[in-house]
Amino acid sequence: MSRRYDPERRQRIIDAAIRVVGRGGIAGLSHRTVATEADVPLGSTTYHFASLDELLIAALRQANEGFAAAVRESGAFVEPRCDVAGELARLTGEWLAGDRAGVELEYELYLAALRRPALRPVAAEWCSGLTEVLAPRTDPVTARALVALLDGICLQVLLTGAVYDEAYAREMLARVASGSRAGAGAEV
């Protein structure tokens, strides 16, 4: 019996896991539900991902790319005259107005790290990646504060169903950014 060469199988399994979680939450995720969704043998899911945590890590990494890609692709943060608060507020608005189910899924996977310690380093990658982009425009401490504020604003919008208020976000982000470099040596 020859094994069929299928180089995209691992990616199809990750995509299927994201769809399963998107439909039924993390509680509905199992190797069996993912294998069915991906139309692969059950053994393929366990071959590529020995545990559900490994599969969730891969799904979270992929989901985290949504906002991170928007930030990278904007290119605005390398411009010397960039309005950091304005650009962050704009990008956040575009991201939240886009695929709402995708944004909710991204946060569901992100918040799963509360109960699944194996996911914590991957959840932290999102924060540290965005902090690295912002730090040259502010400083590392202010960049972390901006990321935390954005996280809070996004969570409030998602949890309350409120409409994203770009002007409010820009104002609050500007307030945090205006304290930039005042405590540049401080560690939080």
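The values are calculated or read from the model by the stated rules, or taken from the named source; none is laboratory data. Predicted model, so just to flag it, every value in this text is computed and none were measured. Ideal geometry is used to build each Cβ from the backbone, glycine not excepted, and the neighbour counts take in all protein chains shown. Ligands, DNA and RNA are stripped out before the accessible areas are found, and what is left, the full protein with its side chains, is counted by its heavy atoms. Shrake-Rupley method; radii C 1.70, N 1.55, O 1.52, S 1.80 Å.
Name the residue, out of GLY24, GLY43, that is under 17 Å from GLY102 (Cα atoms) and without any contact (Cβ under 8 Å) to a residue 12 or more places away in the chain. Explain how you work it out, then say what you get.
Working: GLY43 fails: under 17 Å from GLY102 (Cα atoms).
When all the criteria are applied, what remains is GLY24.
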For the stretch 21-56, give me the residue count where each residue is open to solvent by less than 40 Å² (accessible area, probe 1.4 Å) and in a helix (DSSP H, G or I). 11
If a residue counts only when it is over 25 Å from ASP139 (Cβ atoms) and modelled with pLDDT under 85, which helices (runs of 4 or more DSSP H) contained entirely in the stretch 61-119 have at least 2 such residues? 65-74, 100-111
Looking at (1) within 26 Å of GLU94 (Cβ to Cβ); (2) open to solvent by 40 Å² or more (accessible area, probe 1.4 Å), which is the only condition ALA59 fails? (2)
For the stretch 135-154 the number of residues that are farther than 16 Å from ALA169 by Cα, open to solvent by less than 40 Å² (accessible area, probe 1.4 Å) and touching a helix residue (DSSP H, G or I) at 6+ places or on another chain (Cβ under 8 Å) is 2
Among all residue pairs at least 6 apart or on different chains, which show Cβ distances below 8 Å where the first residue, located in the stretch 126-155, is aromatic (Phe, Trp, Tyr) and the second is open to solvent by 20 Å² or more (accessible area, probe 1.4 Å)? TRP126/ALA68; TRP126/TYR110
Quick check: is even one residue across the stretch 137-148 closer than 16 Å to TRP95 by Cα and either modelled with pLDDT of 95 or more or assigned to a helix (DSSP H, G or I) (or both)? yes
